[in-house]
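Asker: This is the structure I have questions about; it appears just below.
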Amino acid sequence: MIHRFFHLFCVLSLLTGCLEKLEPCHSMDPSCDMDEDGVFNGDDDFPADPVCFERNHDSCSACNAGCASYESCTEEGVCICSNPNTYGPGCDQCFEQFTGPDCMECTSPLHNGELCEQCIDVLFTGENCDECVDPHRTGPQCGECKPEFTGDECGLCSDPNRAGVDCDQYSFIKVSSGAEFTCGILLDKSLLCWGANYKGQIDHPQGSFVELSAGHRHSCAIREDATLACWGHGDGALPPEGELFQHVDAANSTTCGVTTDGRALCWGANQFGQTDVPDRSDFVSIDCGAGHTCAVTTSGEVICWGRNFLGQASPPEGEFQSVTCGWGHSCGVRTNGEGACWGSTSDGKSQVPFETYETVVAGFRHTCGVTMDHKALCWGSNEFVQTVAPETELHYHSVSPSIRHTCAVIKHVGAEGGQVVCWGDNEYEKCDPLVP
């Protein structure tokens, strides 16, 4: 009998549990979990949605969470202030550059624009709109030149011995690129050299000079009294005594010059007859390359001698105002400003761009020129980026290509001297002119 009562009790207990389990859970009943997401209805903001509950609806774009009336919901599901000029819990505080009841006015009376970053007066710039847009000017209306600048447009340096956009460079009248060094003549006619010095290449003499040429490991320069000074290494640095010069050019181990009475003189290496000059006295300029030499006469004729296996010593007919010799090729500027090159065509160094030129100068495997509108153009081998002349607001005055680098003088319009800029390979810092 006892066993029957116990069996009946168990059956009734099971039935009661089943009935309780079948009883529905309403969303309004805080003691049950309607969506069975582990959160009782009383703690669940979304009792009928198993995905959304208070711990996982941080995104304003999910579960209809939404943002405040003064906020906007981003694509990333973040509530931000609808007015981008405001911040804070209630989006009621202005960022420092804004003011006004709606934070739509610029705090500074000198600024305007959507972000209050534009100066109202177009002559000024800077965080406080107190800097002239033209960096060379100053004054209440930017109508005065800063002390270091002068000229109608404040484009010239007050100190004529300074050059460059910021007037913080030496002022040069000429530059010449050697193999691993560079030399120039300053406005005061003194010399300045930089780069490699393992053969005394930059141990230049003192004095006043009017002409300069840097070769492979030596250089020569003409003094104001027409005497010649050479320094560095090799037979090309040993000029003849007692001669006066009007023009000089240094190459590998050879140097040539034109005397004041029009004769051509060459000295140094002569394995290809490059120093065997014609016996005449009507030369005005001369240039020597790798085993050959060319010169211009008073009539504009170009005469060449020495090595000619590539035709580099066989100039075209016509009148020329200048000539230059490279390493296997030669170039010149005709009297009408047309550029012409002959000899080796490798690397495109003889393919002259169609322009009107003031000067064309041949380097080792590349050639450069200055056009009549004061631009620099280079062509040929660009292995060391030696043909990519830098862009500048200044005018190119002269250019000097060498083996792996190129240098030029750039000037303000109307300035006597200019800044030296160099590009290409910079071993031995030959592309870094010395600064004051």
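Asker: Which ones in the range 416-432 are within 28 Å of Gly151 (Cα to Cα) and buried (at least 22 other Cβ atoms within 10 Å of the Cβ)? Even if it seems obvious, please write down each step before you answer.
Answerer: Of all residues in the range 416-432, those within 28 Å of Gly151 (Cα to Cα) come to 416-422.
Within the range 416-432, Gly417, Gly418, Gln419, Val420, Val421, Cys422 qualify.
Asker: Could you list all residues from the range 94-113 that are assigned to a loop (DSSP other than H, G, I, E, B) and of a type in the set (A, V, I, L, M, F, W, C)? Quick ask: steps written out before the conclusion?
Answerer: Pass one, the range 94-113, residues assigned to a loop (DSSP other than H, G, I, E, B): 95-97, 100-104, 107-110, 113.
The answer is Phe95, Cys103, Met104, Leu110.
Asker: Separate question: Being part of a strand (DSSP E or B) and touching an Asp or Glu at 6+ places or on another chain (Cβ under 8 Å) is the filter; apply it to the range 331-341 and report the residue that is surrounded by the fewest Cβ atoms within 10 Å (Cβ to Cβ).
Answerer: At the first step, the residues of the range 331-341 found to be part of a strand (DSSP E or B) are 331-334, 338-341.
Narrowing further to those that are touching an Asp or Glu at 6+ places or on another chain (Cβ under 8 Å): 333-334, 339.
Working: Val333: 24, Arg334: 17, Gly339: 20.
The residue in question is Arg334.
Asker: For the range 406-436, which positions are assigned to a strand (DSSP E or B) and in contact with an Asp or Glu (Cβ under 8 Å, 6 or more places away or on another chain)?
Answerer: At the first step, the residues of the range 406-436 found to be assigned to a strand (DSSP E or B) are 406-411, 418-424.
Cys422 - this is the single residue of the range 406-436 that is assigned to a strand (DSSP E or B) and in contact with an Asp or Glu (Cβ under 8 Å, 6 or more places away or on another chain).
Asker: Condition first: assigned to a loop (DSSP other than H, G, I, E, B) and surrounded by 24 or more Cβ atoms within 10 Å (Cβ to Cβ). Now tell me which residues in the range 352-364 satisfy that. Explain how you work it out, then say what you get.
Answerer: Step one: of the range 352-364, the residues assigned to a loop (DSSP other than H, G, I, E, B) are 352-355, 363-364.
Of everything in the range 352-364, just one residue is assigned to a loop (DSSP other than H, G, I, E, B) and surrounded by 24 or more Cβ atoms within 10 Å (Cβ to Cβ), namely Gly363.
Asker: What are the residues in the range 202-231 that are closer than 10 Å to Asp249 by Cα and either touching a Cys at 6+ places or on another chain (Cβ under 7 Å) or not assigned by TED's automatic domain parsing to the domain that holds Ala250 (or both), if any? First the steps, then the outcome.
Answerer: Initially, the range 202-231 is screened for residues closer than 10 Å to Asp249 by Cα, giving 211-215, 219-221.
Matches in the range 202-231: Leu212, Ser213, Ala214, Ser219, Cys220.
Asker: With the condition being in contact with a Gly (Cβ under 7 Å, 6 or more places away or on another chain) and closer than 19 Å to Val420 by Cα, I'd like the strands (runs of 3 or more DSSP E) fully within the range 163-251 carrying at least 1 qualifying residues.
Answerer: 172-177, 181-186, 191-195, 209-214, 218-223
Asker: For the range 378-405, name all the residues that are part of a strand (DSSP E or B) and more than 19 Å from Gln419 (Cβ to Cβ). Full working, then the answer.
Answerer: Initially, the range 378-405 is screened for residues part of a strand (DSSP E or B), giving 378-380, 395-401, 405.
Those that are part of a strand (DSSP E or B) and more than 19 Å from Gln419 (Cβ to Cβ): Trp379, Gly380.
Asker: Would you please name the residue that is surrounded by the most Cβ atoms within 10 Å (Cβ to Cβ), looking only at residues in the range 131-140 that are in a loop (DSSP other than H, G, I, E, B) and modelled with pLDDT of 90 or more? Show your work before the answer.
Answerer: Of the residues in the range 131-140, the ones in a loop (DSSP other than H, G, I, E, B) are 133-136, 139-140.
Then keep just the ones that are modelled with pLDDT of 90 or more; that gives 133-136, 139.
Numbers: Val133: 13, Asp134: 16, Pro135: 13, His136: 21, Gly139: 11.
Looking at the filtered set, the residue picked out is His136.
Asker: Return a yes/no flag: does the range 394-409 have any residue that is of a type in the set (Lys, Arg), surrounded by 22 or more Cβ atoms within 10 Å (Cβ to Cβ) and assigned by TED's automatic domain parsing to the domain that holds Val360.
Answerer: Yes, because at least one residue in the range 394-409 is of a type in the set (Lys, Arg), surrounded by 22 or more Cβ atoms within 10 Å (Cβ to Cβ) and assigned by TED's automatic domain parsing to the domain that holds Val360.
Asker: Name the single residue that is surrounded by the fewest Cβ atoms within 10 Å (Cβ to Cβ) among those in the range 296-314 being in contact with a His (Cβ under 9 Å, 6 or more places away or on another chain) and part of a strand (DSSP E or B).
Answerer: Of the range 296-314, the ones in contact with a His (Cβ under 9 Å, 6 or more places away or on another chain) are 304-308, 310-313.
Adding the requirement that they be part of a strand (DSSP E or B) leaves 304-306.
On the way: Cys304: 23, Trp305: 19, Gly306: 24.
Among residues in the range 296-314 that are in contact with a His (Cβ under 9 Å, 6 or more places away or on another chain) and part of a strand (DSSP E or B), the one surrounded by the fewest Cβ atoms within 10 Å (Cβ to Cβ) is Trp305.
Asker: While we're here: For a quick check of your reading of the model, give me the residue pairs whose first member lies in the range 224-246 and is loosely packed, with under 14 Cβ neighbours inside 10 Å, whose second is among the basic types (Lys, Arg), with beta-carbon atoms closer than 9 Å and at least 6 apart or on different chains.
Answerer: Pairs that qualify, where the first residue is loosely packed, with under 14 Cβ neighbours inside 10 Å and the partner is among the basic types (Lys, Arg), are Glu224/Lys189.
The values are calculated or read from the model by the stated rules, or taken from the named source; none is laboratory data. Note that the structure is a prediction, hence the values are computed from the model and not measured. Please note: Cβ atoms are built from the backbone with ideal geometry, for glycine as well, and neighbour counts cover all protein chains shown.
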